[in-house]
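The values are calculated or read from the model by the stated rules, or taken from the named source; none is laboratory data. Predicted model, so just to flag it, every value in this text is computed and none were measured. Reconstructed Cβ throughout: ideal geometry from the backbone, glycine too, with neighbour counts over all protein chains shown. To get the accessible areas, we keep the full protein, side chains included, count just its heavy atoms, and leave off ligands, DNA and RNA. Shrake-Rupley method; radii C 1.70, N 1.55, O 1.52, S 1.80 Å.
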Amino acid sequence: MSDTGAPEKLSPVEGIKAESRFLRGTIAAELKTDSDHFGKDDLQLLKFHGTYQQDDREARNKTAEGKSEKAYSFMVRSRIPAGIMTSDQLIAHLDLCDTIGNTTLKVTTRQGLQLHGILKSDLRECIKRINDVQLSTLSACGDVNRNVMACPAPYADGIRPQLQKLAYDLAMHLAPQTKAYYELWIQDPETGAETLAGGSDEEYEPIYGKVYLPRKFKTAIALADDNCTDVYTNCLGYIGVVRDGELIGYNVVVGGGLGVTPSAKKTFPRLASRMAFVTKEQAIAVGEAVVKVQRDFGYRDDRKRARLKYLVHDRGVEWFRERVEEYYGSKLADCTPDDVHEHNDHIGWDQQGDGRWFYGFNVENGRLYDNENRAWKKALRDICSEINPEIRLTAHQSILFCNIEDKDREKLSMLIKRRGLPLSEEISNARRWSMACVALPTCGLSITESERVLPAVMDEFEKTLEELGLEKELFTVRMTGCPNGCARPYNSDIGFVGKAKGKYTVFVGGSRLGTRLSFIYKDLVPLEELVTALKPLFVAFKQDRQGDEAFGDYCARVGLDNLPT
Ligand code: SRM
Ligand code: SF4
């Protein structure tokens, strides 16, 4: 019901979920057909199972009638809480991309892995093989809580392990309970105990109910002195509060999110609001209460405004907190003053504190491939088989090799170098702190290129910064192929957002710390002119910065009206 008491007109996806018999739809029947793609309704349900139907936009053929014919394939996303996995699990993904994928693997901005180019006929095998190595794709996408992020650094500090455990526990607690996932992808269709078609209407989703959430829901955990997960861009965030070296609880923030449709004023990026302090014991139950408030009060009539951020924006964080307290069953304490004040990307060598080392390996834009010059996949295979490190994925699309003994450090560097790859310490600061979303050719929503063009933009950027003597500066550059914000361009120092064919909106004024939204500096800038467009700003920054002020802070202080154009 709306506030006026009139029944709400639900968005069509709500009907699909309601009729789906707990995410089954007709997926089972469709899997048995020869068609290379699924029908419209099942596409919505497949997301909950961790896969998107796509088509290679560069492989569209014109039919005799002049119609565009699509080459369908699937993106499959693995959910990896805190990005923690084994070498074997990474190898299993590399095997999948080489045998049934498009031979590349993507480390995502939320510590996940994505395979592309999986054919419908291989989809079941793909998801099954991911489960065979004890990972899952369930709720990697869809209107549910998705992969839970946490600082992946393997410090034996007694604090990070608790954050990482909370990520895992939250992910499990908030995972959908429907058996559909196991019926469809895990059990043998001929011999499995569950029926493929039909399923059970008796099922019960204790947290989500029959129609799940109004929209995707994202959770991240950070520390005040290490916001490497960009906690304020999430629907639900936990900032660890430490006293005398002990983790005592979390400041909970709610209502962050970045997606925007520039033509729709009702949509906007928003950073989360600080809501309440919770003890370690309260953390999961309060998280569940936040999810349930969004379930019951979030907007189900308009998917463009269905994210939690709009509810928090419209009703205010005090109203939201009162509802959470009702669902939780008691009052919550106010946030402590602790807030994020540092950001570590964990790249390069660092000591774990248990006599071993970890190495943060910068993967440019998270894309793993092999070609004649650079062989990321071969390097990873060598490292996994010869050193067998624990693997941790970062929210900056990169990889940490963990538990490295002193004796293996040189070998690890050699295994990277011999495949033509740069060591993290050889990469410029600008490149190290840059990232780009997938975009073309697989993303159905992309307007421009992103990960395929950012490396060349960074080449030019590096030259300009060197000319100006600014190559040591630390700032974030993030590019996306459309305004949805998958590489979080709206709170970084510099954001390039695809707006029209070959043209980008240039944002400045955010920060490496991720606690401030940026603003539009120039619109519709052609790809080839992105660096030239920013050059006057860097010249002014060099002359007028105060002390060691960072680039984004400088732009925000001076403000759009006083920045040179
Ligand atoms: Fe995203 C949709 C890729 C992180 C906001 N995102 C998509 C889809 C699935 C396109 C689609 O709907 O058809 C993209 C798949 C492209 C492909 O070919 O693989 C896609 N998003 C990604 C990834 C892979 C980008 C990357 O290069 O790393 C990231 C996967 C993370 C993961 O492992 O779960 C990814 N997406 C994000 C983030 C960043 C984050 O969460 O920290 C955001 C901004 C934060 C937020 O959610 O507000 C983000 N993606 C979106 C949106 C806009 C949502 C909104 O509220 O308006 C869409 C479009 C939508 O949902 O309608 C979207
Ligand atoms: Fe696709 Fe846009 Fe997300 Fe890039 S930002 S992956 S183009 S939806």
### Query
Name the strands (runs of 3 or more DSSP E) wholly within the stretch 47-160 that hold at least 1 residues that are open to solvent by 10 Å² or more (accessible area, probe 1.4 Å)?
51-55, 72-78, 113-118
### Query
Looking at (1) at pLDDT 95 or above; (2) surrounded by 17 or more Cβ atoms within 10 Å (Cβ to Cβ), which is the one condition that is false for D314?
(2)
### Query
Within the set of pairs 6+ apart or on separate chains, which have a first residue in the stretch 420-439 that is closer than 15 Å to Q397 by Cβ and part of a loop (DSSP other than H, G, I, E, B), a second that is within 15 Å of ligand 1 (Cβ to nearest atom) and hydrophobic (A, V, I, L, M, F, W, C), and C-beta atoms under 7 Å apart?
W433/V477; C437/C486; C437/A487
### Query
Can you spot a residue in the stretch 340-356 that is open to solvent by less than 30 Å² (accessible area, probe 1.4 Å) and of a type in the set (D, E, K, R)?
yes
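Tell me, please, whether a residue that is in contact (Cβ under 8 Å) with a residue 24 or more places away in the chain, charged (D, E, K, R) and open to solvent by 50 Å² or more (accessible area, probe 1.4 Å) can be found in the stretch 364-373.
Yes, the stretch 364-373 has at least one match.
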#### Entry: Within the stretch 544-565, tally of residues that are surrounded by 17 or more Cβ atoms within 10 Å (Cβ to Cβ), within 31 Å of the chain's Cα centre (by Cα) and not in a helix (DSSP H, G or I)
1
### Task
Looking at (1) in a strand (DSSP E or B); (2) over 18 Å from the mean Cα position of the chain (by Cα); (3) under 20 Å from F297 (Cα atoms), find the lone condition where V253 falls short.
(2)
### Task
Would you check which residues across the stretch 447-464 are surrounded by fewer than 22 Cβ atoms within 10 Å (Cβ to Cβ) and over 17 Å from V525 (Cβ atoms) and list them?
R452, P455, D459, E462, K463
### Message
Within the stretch 488-504, does at least one residue satisfy the condition of being in contact (Cβ under 8 Å) with a residue 60 or more places away in the chain, among the polar types (S, T, N, Q) and not in a strand (DSSP E or B)?
### Response
yes
### Message
Is it the case, given these coordinates, that G240 is within 21 Å of the chain's Cα centre (by Cα), away from ligand 1 (no atom under 16 Å from the Cβ) and in a helix (DSSP H, G or I)?
### Response
no
### Task
Could you please find all residues in the stretch 417-461 being in contact with a helix residue (DSSP H, G or I) (Cβ under 6 Å, 6 or more places away or on another chain), charged (D, E, K, R) and away from ligand 2 (no atom under 16 Å from the Cβ)?
R419, R431, E460
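I'd like to know if the stretch 211-218 contains one or more residues that are in contact (Cβ under 8 Å) with a residue 24 or more places away in the chain, away from ligand 1 (no atom under 14 Å from the Cβ), part of a loop (DSSP other than H, G, I, E, B) and open to solvent by less than 10 Å² (accessible area, probe 1.4 Å). Spell out the reasoning first.
Step one: filter the stretch 211-218 for residues in contact (Cβ under 8 Å) with a residue 24 or more places away in the chain, giving 211-218.
Those still in the list that are away from ligand 1 (no atom under 14 Å from the Cβ) too: 211-212.
Now restrict to residues that are part of a loop (DSSP other than H, G, I, E, B): 211-212.
After this cut, where a residue has to be open to solvent by less than 10 Å² (accessible area, probe 1.4 Å) as well, the list is 212.
There is at least one residue in the stretch 211-218 that is in contact (Cβ under 8 Å) with a residue 24 or more places away in the chain, away from ligand 1 (no atom under 14 Å from the Cβ), part of a loop (DSSP other than H, G, I, E, B) and open to solvent by less than 10 Å² (accessible area, probe 1.4 Å).
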### Query
Among the listed residues L470, L530, which satisfies the condition of being buried (at least 20 other Cβ atoms within 10 Å of the Cβ) and either in a loop (DSSP other than H, G, I, E, B) or of a type in the set (A, V, I, L, M, F, W, C) (or both)?
L530
### Task
Check the stretch 395-406 and report whether any residue there is in a loop (DSSP other than H, G, I, E, B), on the phi > 0 side of the Ramachandran plot, buried (at least 21 other Cβ atoms within 10 Å of the Cβ) and at pLDDT 95 or above.
yes
## Note on the structure
Sole miss for C141 among (1) closer than 16 Å to A18 by Cα; (2) modelled with pLDDT of 95 or more; (3) hydrophobic (A, V, I, L, M, F, W, C) is condition (1)
### Message
Based on this model, can you work out whether S518 counts as in contact with a helix residue (DSSP H, G or I) (Cβ under 6 Å, 6 or more places away or on another chain) and among the polar types (S, T, N, Q)?
### Response
no
### Task
Please enumerate the residues belonging to the stretch 497-523 that are away from ligand 1 (no atom under 14 Å from the Cβ), hydrophobic (A, V, I, L, M, F, W, C) and open to solvent by less than 10 Å² (accessible area, probe 1.4 Å).
V506, V508
